[in-house]
1. Order by neighbour count: 117, 109, fewest other Cβ atoms within 10 Å first, most last.
2. Treat each spin label as a single point 7 Å out from the Cα along the C-beta direction, and report the residue 102 to residue 116 distance in nm.
């Protein structure tokens with residue numbers, strides 16, 4: 001668990017270095033740049049909800065900047081924010097009935113990601129106007145929480161990975177759908193982990209499972225605008 005602020009800071013510095021490398025490559029390799037945004041949705045799994053449930057979706061916003069390279073590769077700087085929630089409203093076991101916990105907080109995330117598009121759908125000679133793609137990277141999130149059940153940092157490292165589909169509306173506009181998971185390295189997204197509850201019927205009753213870190217998931221529907229670069233010819237040496 002990344003509860004030590006010095007460890008969190010070290011990981012954040014490494015993440016910022018990764019993001020810088022992604023977007024500071026030589027311009028001669030860049031073919032186009034995209035700016036986009038749209039709706040985001042977060043979904044949590046952890047001690048309160050063990051499996052992904054559509055009923056637990058929340059809404060937010062998503063903004064991103066993409067730098068496209070050759071052969072389907074691109075670097076993406078992604079920002080998203082919105083509500084995230086979970087509860088024992090539908091208890092999954094006797095432990096959840098006794099615990100009767102819930103949370104609903106505002107979450108903000110930023111990440112640098114590398115993406116790979118399988119089809120050259122932007123080409124004028126392309127047979128299709130869409131492409132599936134994969135994405136993975138590193139980033140961090142901030143959860144704004146007034147009351148904590150333990151001493152942990154509000155900023156935590158996360159590893160985003162997933163995929164989606166892009167559809168071309170023309171030379172300049174692209175529709176995008178993405179679903180990706182966020183791998184976490186701590187167990188307090190739901191504010192529950194190693195606390196214990198007194199239960200006379202079972203002296204080994206535990207409040208949460210601290211051996212299994214929490215996860216959250218991102219779903220995005222967005223539209224982007226493409227700025228095409230013009231490759232200037234290299235002058236011949238005399």
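Throughout, read-outs are computed from the coordinates displayed, never taken from laboratory work. Because the structure is a prediction, the values reported are computed rather than measured. Positions of Cβ are generated from backbone atoms using ideal geometry, with glycine treated the same way; all protein chains shown enter the neighbour counts.
1. 117, 109
2. Distance between label points: 4.4 nm.
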